[in-house]
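Below is one structure, written out as structure tokens; comments come after it.
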Amino acid sequence: DARVTQTPRHKVTEMGQEVTMRCQPILGHNTVFWYRQTMMQGLELLAYFRNRAPLDDSGMPKDRFSAEMPDATLATLKIQPSEPRDSAVYFCASGLLWGHHNEQFFGPGTRLTVL
Amino acid sequence: SQKIEQNSEALNIQEGKTATLTCNYTNYSPAYLQWYRQDPGRGPVFLLLIRENEKEKRKERLKVTFDTTLKQSLFHITASQPADSATYLCALDENDKIIFGKGTRLHILP
């Protein structure tokens, strides 16, 4: 049963520290998304990749966030330096984009707490 | 940019009745609209997709409608069960991205 995996599941860190979140998309999917979910804002798109190329990262604070896809089996989201307002659940999702189909398969999320 | 509005208040429905959730959008009609289910502590799970040229789509006890004139989609769960209790998110495409509503929490009361 193919699924998206994310590590770590939980992360507590102090303000100013670097945080790296990892995602393994479903094998064969050509599109990978990073989302952030908070009670106030809901699910916000931070960045996405197609065929490993970054297509849009306009939802990301560029001064501290970076997203990469070093190979087809790994996507990373890094925050440096982290701030308390970054506390949220971060989801990775992958999909096989074709035609008008864009069903996304979400990972379990990384719950980040920045103290 | 597109805004998606879902009822932020929780919806309480008696078991066995039909639950109806609403998703409204503000601007142009999207090529398609999706509904996802999210349980606490988990990622959203895809349920149904409906295209702009489709009026209705069904899957087991689920039914989705899409009215481009009203700029609205309705999501129905018939013969609701306590296991249907979750948050339901509406999502639509915008410039090749998917944007989500904040979701409506549904409680099915036994």
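The values are calculated or read from the model by the stated rules, or taken from the named source; none is laboratory data. No experiment lies behind these values; they were computed from the predicted model shown. Using ideal geometry, Cβ is built from the backbone for each residue, glycine included, and neighbour counts are taken over all protein chains shown. Surface areas here come from the heavy atoms of the whole protein model, side chains and all, with no ligands, DNA or RNA. Shrake-Rupley method; radii C 1.70, N 1.55, O 1.52, S 1.80 Å.
Observations
- Selection within the stretch B:1-51 - open to solvent by 70 Å² or more (accessible area, probe 1.4 Å) and under 24 Å from residue A:90 (Cβ atoms): B:1, B:3, B:8, B:40, B:42, B:45
- Pair list, Cβ under 7 Å, 6 or more apart: the stretch A:53-70 residue basic (Lys, Arg), other residue surrounded by 16 or more Cβ atoms within 10 Å (Cβ to Cβ) and not in a loop (DSSP other than H, G, I, E, B): A:64/A:79
- Residue check for residue A:51: more than 15 Å from the chain's Cα centre (by Cα) and open to solvent by less than 30 Å² (accessible area, probe 1.4 Å): no
Yes or no, residue by residue, for (1) assigned to a strand (DSSP E or B); (2) under 21 Å from residue A:46 (Cα atoms):
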{"position": "B:8", "(1), (2)": "no, no"}
{"position": "B:13", "(1), (2)": "yes, no"}
{"position": "B:24", "(1), (2)": "yes, no"}
{"position": "B:35", "(1), (2)": "yes, yes"}
{"position": "B:43", "(1), (2)": "no, yes"}
{"position": "B:74", "(1), (2)": "yes, no"}
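- The sole residue among B:63, B:59 that is free of Cβ contacts under 8 Å to residues at least 24 places away in the same chain and open to solvent by less than 70 Å² (accessible area, probe 1.4 Å) is B:63.
- Scanning the stretch B:91-107 for residues that are part of a strand (DSSP E or B), open to solvent by 10 Å² or more (accessible area, probe 1.4 Å), touching a strand residue (DSSP E or B) at 6+ places or on another chain (Cβ under 9 Å) and modelled with pLDDT of 95 or more turns up at least one hit.
- Residue tally, condition open to solvent by 50 Å² or more (accessible area, probe 1.4 Å) and in a loop (DSSP other than H, G, I, E, B), over the stretch A:84-104: 4
- Test: residue in the stretch A:49-57 that is in a strand (DSSP E or B) and either in contact with a Leu (Cβ under 7 Å, 6 or more places away or on another chain) or modelled with pLDDT of 95 or more (or both): yes
- Contacts under 6 angstrom Cβ, first residue in the stretch B:20-49 being within 11 Å of chain A (Cβ to nearest Cβ), partner open to solvent by 10 Å² or more (accessible area, probe 1.4 Å) and assigned to a loop (DSSP other than H, G, I, E, B), 6 or more apart: B:31/A:100; B:31/B:52; B:32/A:100; B:43/A:108; B:46/A:103
- From the options A:53, A:75, residue that is in contact with a Cys (Cβ under 7 Å, 6 or more places away or on another chain) and either within 14 Å of chain B (Cβ to nearest Cβ) or under 14 Å from residue A:20 (Cβ atoms) (or both): A:75
- Single residue of A:25, A:108 found to be away from chain B (no Cβ under 12 Å), surrounded by 14 or more Cβ atoms within 10 Å (Cβ to Cβ), at pLDDT 90 or above and within 24 Å of residue B:49 (Cβ to Cβ): A:25
- Residue satisfying all of: in the stretch A:58-73; at pLDDT 90 or above and more than 11 Å from the chain's Cα centre (by Cα); most open to solvent (accessible area, probe 1.4 Å) among these: A:63
- Checked against (1) within 14 Å of the chain's Cα centre (by Cα); (2) open to solvent by 40 Å² or more (accessible area, probe 1.4 Å); (3) over 30 Å from residue B:54 (Cβ atoms), residue A:81 passes all but condition (1).
- The stretch A:1-22: number of residues that are in a loop (DSSP other than H, G, I, E, B), over 14 Å from residue A:86 (Cβ atoms) and open to solvent by less than 40 Å² (accessible area, probe 1.4 Å): 1
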